[in-house]
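Below you'll find the structure, written out as structure tokens, and then a few comments.
The values are calculated or read from the model by the stated rules, or taken from the named source; none is laboratory data. Quick caveat, the model's predicted, so the values are computed rather than measured. With ideal geometry, Cβ positions are generated from the backbone for all residues, glycine too; neighbour counts draw on all protein chains shown. What goes into the accessible areas is simple: the full protein's heavy atoms, side chains included, and nothing from ligands, DNA or RNA. Shrake-Rupley method; radii C 1.70, N 1.55, O 1.52, S 1.80 Å.
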Amino acid sequence: MTGKTINEINLGDKASYSRTVTEADVVLFGGVSGDLNPAHFNEEYCKDTMFKGRIAHGMLSSSYISTVLGMQLPGPGTIYLSQELKFTAPVKFGDTVTATIEVIEKIEEKNRIVLDTICTNQDGKVVVKGKAVVMPPK
């Protein structure tokens, strides 16, 4: 199982992954990451926040970008080098997040790909956006 090499990737290539965020996802992510912020776990606490309820970890949604990079484009064997992120809206339990990536630059002499990365919810609202740099498999 090997992903696309830099020669097999074109500017404008896109791929995406969608997942509905469940309470189990948030609990597991919190346990694995150690992020037990009450914003994710304490409904009573969250009633008085700007979100009026619990929200999923921003990094949970952004991890779906990694899924696309590592499994689809470029795919297996990809090395994730950097990621810029901006969290633009909360993700609530039951939201479906779609991570979409698009190749915007190829740096062939260094075997690097630069990608626009965006996560949207089921209503098309952007919840995370940024840019990634990866090294596709050789």
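Before moving on, here are some points about what is shown:
- For Arg112, residues with placed amide H under 5 Å, excluding near neighbours: Ile107
- With contacts taken as Cα pairs under 8 Å at a separation of at least 6 residues, the range 13-135 carries a relative contact order of 29 percent.
- Shown for the range 56-108: the carbon plus sulfur share of the solvent-accessible area, taken with all protein chains present and a 1.4 angstrom probe, equals 54%.
- Put simply, the amide H of Val127, placed in the peptide plane, has neighbours under 5 Å in Cys119, Thr120, Asn121, leaving out anything fewer than 5 places away on its chain.
- A protection proxy built from the mean count of other Cβ atoms within 10 Å ranks the segments 131-138, 42-49, most packed first, as 131-138, 42-49.
- Rounded to the nearest 10 degrees, the angle from helix 58-71 to the longest Cα principal axis of the chain is 30 degrees.
- Ordering of 31-38, 7-14, 71-78, 118-125 by packing is 71-78, 118-125, 7-14, 31-38, highest average first (other Cβ atoms within 10 Å, averaged per residue).
- Linear extension gain, Asp116 paired with Glu23, 0.36 nm per residue minus alpha-carbon span: 30.6 nm
- Counted charge near Gly31, where neighbours are those whose Cβ lies closer than 13 Å (Asp, Glu -1; Lys, Arg +1): -3
- Each Lys or Arg adds one and each Asp or Glu subtracts one; over the other residues with Cβ under 10 Å from the Cβ of Arg112, this totals -1.
- Heavy-atom accessible surface of the chain, averaged per residue, reaches 54 Å², computed with a 1.4 Å probe.
- Degrees, to the nearest 10: 23-33 long Cα axis against longest axis of the chain: 70
- Alpha-carbon centroid distance for the pair the range 21-39 / the range 94-114, whole angstrom: 26
- Structure note, pairs Lys14/Lys47; Lys4/Lys92; Lys106/Lys129; Lys86/Lys106; Lys14/Lys92: Cα-Cα distances above 29 angstrom occur for Lys14/Lys47; Lys4/Lys92.
- FRET E, pair Phe93, Met71, Förster distance 25 Å, beta-carbon r, rounded to 0.05: 0.55
- Extended-chain gain in nm, criterion 0.36 nm per residue less alpha-carbon gap, Thr2 and Leu81: 26.6 nm
- Selected from Ile6, Ile55, Gly77, residue furthest toward positive end of dipole (the chain; charges at beta carbon): Ile6
- Relative intensity, log₁₀ I(q)/I(0), of the chain from a Debye sum that treats every alpha carbon as a point, q = 0.09, 0.17, 0.19 Å⁻¹: -0.30, -0.87, -1.02
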